[in-house]
Amino acid sequence: YNILLSFYTKYDEDEVSVLRSLISAQVEAVAFTPIVAKREVSQIFANTDVYPLQIHSDIYSHIYSIHNDDASAMRFFTQYLIDQGPRDIMLISPDEKRTEGLYSTMEKNGIPVKETTFLHTMDMAPNAEEMEKAVLTAKPTAIIAVAQEAKDTLLGILKKNRLKIPQDISLIAY
C-alpha cells in the first residue's frame, strides 16, 4: 500500500520536526499546511523522494498547492485509499463534513458503510482508550485520522498492538 500522511500544527516551531518525522516514516507524499515560509522546509524536500503538497496555502512557489473544502479533501483521500485496495476504512474525526465526504465516496464505489466506520470525537484529541477499542473492534484496513493529536495517539495504539504501516494497515493523517 502507498501511504499519504499529512498534518496540521498551530505551532510553527514544530513544523520542521513534524515534517522530518513524517518523511522518516518512508512515506511517498506529505501533504501539509505551512504556517510561515522556512528555508529548512524547502531543504527537507530537496533531499528526498517524498512528494510535498501544500494544502490551503501557496507559501512555497515550487511546491504544488491545492485549495479545497473539508468534504472534498475527504473524498480525495478516501478515493486514494480505495484505489490502493483498502475497503474497511475508519474515519476518526469530529467533523460532519468530512464524514459526508467519506460516506459519499464509499457509496459511489459500492462499498457498504458500517456502523464502526466512524469514530466521532468531541475534540481533536480523542481518548486513547476509546480510540484503541474502536480500532481493535472495527479491524479497519485503513484509517483516516483528522488532527495531529489523533494521529499521534493512533500511532501509539498501532505500535502497542503490533500493527505495522503499511503491511497491516494504511494510514492517512491530516
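The values are calculated or read from the model by the stated rules, or taken from the named source; none is laboratory data. On a predicted model such as this, the values are computed, not experimentally measured, just so you know. So basically every Cβ, Gly included, is an ideal-geometry build from the backbone, and we count neighbours across all protein chains shown. Accessible surface is based on the protein model in full, side chains and every heavy atom, while ligands, DNA and RNA are left aside. Shrake-Rupley method; radii C 1.70, N 1.55, O 1.52, S 1.80 Å.
In region 142-168, the qualifying residues are those that are in a loop (DSSP other than H, G, I, E, B), hydrophobic (A, V, I, L, M, F, W, C) and in contact (Cβ under 8 Å) with a residue 60 or more places away in the chain, and the one that is farthest from Y103 (Cα to Cα) is I165.
Applying the set (1) in contact with a strand residue (DSSP E or B) (Cβ under 8 Å, 6 or more places away or on another chain); (2) modelled with pLDDT of 90 or more; (3) open to solvent by less than 50 Å² (accessible area, probe 1.4 Å) to D88 leaves exactly one unmet item: (3).
In region 119-130, the qualifying residues are those that are out of contact with any helix residue (DSSP H, G or I) (no Cβ under 6 Å at 6 or more places or on another chain) and of a type outside the set (V, I, T), and the one that is modelled with the highest pLDDT is E129. Taking the conditions (1) within 19 Å of L22 (Cα to Cα); (2) assigned to a helix (DSSP H, G or I) in turn, I82 satisfies each one other than (1). Tallying residues that are in contact with a Gly (Cβ under 9 Å, 6 or more places away or on another chain) and over 21 Å from K139 (Cβ atoms) within region 70-94 yields 7. Residues in region 42-54 that are touching a helix residue (DSSP H, G or I) at 6+ places or on another chain (Cβ under 7 Å) and closer than 26 Å to S72 by Cα were compared, and the one that is modelled with the highest pLDDT is P52. Contact map, region 118-141: first residue surrounded by fewer than 17 Cβ atoms within 10 Å (Cβ to Cβ), second residue among the polar types (S, T, N, Q) and at pLDDT below 90, Cβ cut-off under 6 Å, separation 6 or more or different chains; pairs are A128/T153. Among what's in region 63-79 and is in a loop (DSSP other than H, G, I, E, B) and at pLDDT below 85, pick the residue that is least open to solvent (accessible area, probe 1.4 Å). The extreme case among them is N68.
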